[in-house]
Amino acid sequence: MNSTARLLPWLGLLVMGVFWGLSFSFTRMAVENGGTPLGIAFWQSIISSVILLSFSSLRGRHFTPRRHHIGPFIIIALLGVGVPGVAFFIAASRVPSGILAITVTLVPILTYCMALSLRIEAFSVIRIGGVFCGALAILLLVLPSNSLPDAAATPWVLLACLSSLCYAAENIYLTRKTISDIGPIRIACGMNVMAIVLLGPLAIAFDQMFLPTLPFATLEWSLIGLGGISAIAYTLYVLTVKRYGPVFASQVGYLVTISGVFWGMAIFGEVHSTWVWASLALMMIGLALVSPRQQENA
């Protein structure tokens, strides 16, 4: 393998991390420019669906769900888009984007906790140490009075953590309820299409539906950015898992969080306290400890 071929997977990892990290800033842009939580989640799902369905069709694998797919798609849509998306967009109006990026690192930590409780994963002292690091990192965010820019943001940080809990539950559900006759890209299509069906009526009922306007302004462009990143980064992630394995692909978590923090600083001029930086460091350590070792995936 030549040097260019060896660098290619790392380049893909970098692209995923940088763009996924940018999604936190796009989220803040959307909520600060008139987007409502249910409305943002609805339009993000539409954009992601268009991109994913087009990609699936180009590959000659048309999205043709069957009746037995409906139940799993509803659950995946609720755990992967509906509940966490709305909670995240609510929190984004009150919490800096960099701190939102830190809370997402809880996903693999909470996934391990759930898998351990269901006996899907074996007990590991090292990985339990990672769980404690993650818990301590959140405490460093919410307990010190001068950790957050505004102490009133503490409940909204915890709401963002609820999003991570939902994503972790989605991970567990996908391992226990695998849809054997449909691939991961088309599962993402089904998830987003079902999210449109569920979120549309709710957005209308709660008076949170809005329509994009022409010419596009910050709100519309941020929605396009969120939908595009969600679809494209997910596709790259699946391809990376298939070609280079889950252990290598899981390292994108470090880049997502770090880039999310620095995108917030670059775009919004966010300034973080020492407590926040300590929380970020602990969360990175926790992620490193919880991540499965190579031999566990052999």
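Exposed loop sites here are trypsin sites (Lys or Arg not before Pro) in DSSP loop states with at most 13 other C-beta atoms within 10 Å. What is the longest stretch of the chain lacking them?
178-292
Suppose R0 equals 35 Å; then what is the FRET efficiency for Met265 and Phe132 from their Cβ-Cβ distance, rounded to the nearest 0.05?
Values: r = 28 Å, r/R0 = 0.80.
Calculated transfer efficiency: 0.80.
Filter the chymotrypsin sites (Phe, Trp or Tyr not before Pro) in segment 119-207 down to the DSSP loop ones having no more than 13 other Cβ atoms within 10 Å, then list what survives. Write out the running numbers ahead of the final one.
Working: sites: Phe123, Phe132, Trp156, Tyr167, Tyr173, Phe206; in loops: Phe123, Phe206.
Here the sparse-neighbourhood loop sites are Phe123, Phe206.
Given springs between every Cα pair under 10 Å in a Gaussian network model of the chain, which of Leu255, Leu38, Leu118 has the largest fluctuation?
Leu118
With springs only between Cα atoms under 10 Å apart, run a GNM on the chain and tell me which of Ile285, Ile51, Ile120 wobbles the most.
Ile120
How far, in nm, would the chain grow between Ile70 and Thr218 when pulled straight, counting 0.36 nm per residue and subtracting the alpha carbon separation? Kindly include the intermediate steps, with their values, before the conclusion.
On the way: separation 148, 0.36 × 148 = 53.28 nm, distance 3.49 nm.
Between Ile70 and Thr218, full extension yields an extra 49.8 nm.
Put a dot 7 Å past each Cα toward the Cβ at Glu32 and Val125; how far apart are the dots in nm?
4.7
Considering the chain as a Gaussian network with a 10 Å cut-off on Cα pairs, which listed residue, Thr240, Thr213, Thr111, attains the greatest mean-square fluctuation?
Judging by the Gaussian network model, the answer is Thr213.
How big is the Rg/Rh ratio for the chain, C-alpha atoms only, Rh by Kirkwood, two decimals?
On the way: Rg = 18.8 Å, Rh = 19.7 Å.
Ratio value, two decimals: 0.95.
What percent do you get for the relative contact order of segment 20-297 when only Cα pairs under 8 Å and 6+ apart count? List each step's numbers first, then the result.
Details: 381 pairs, mean separation 118.5, N = 278.
This gives 43 percent for segment 20-297.
Length gain on complete extension for the stretch Ser117 to Ser145, per 0.36 nm per residue less the alpha carbon to alpha carbon distance?
Values: separation 28, 0.36 × 28 = 10.08 nm, distance 3.34 nm.
Gain in length upon complete extension: 6.7 nm.
No value in this document is a laboratory result; all are computed from the given coordinates. All values reported here derive from a predicted model rather than from experimental measurement. For neighbour counting, all protein chains shown are included, and Cβ atoms are generated from backbone atoms with ideal geometry for every residue, glycine included.
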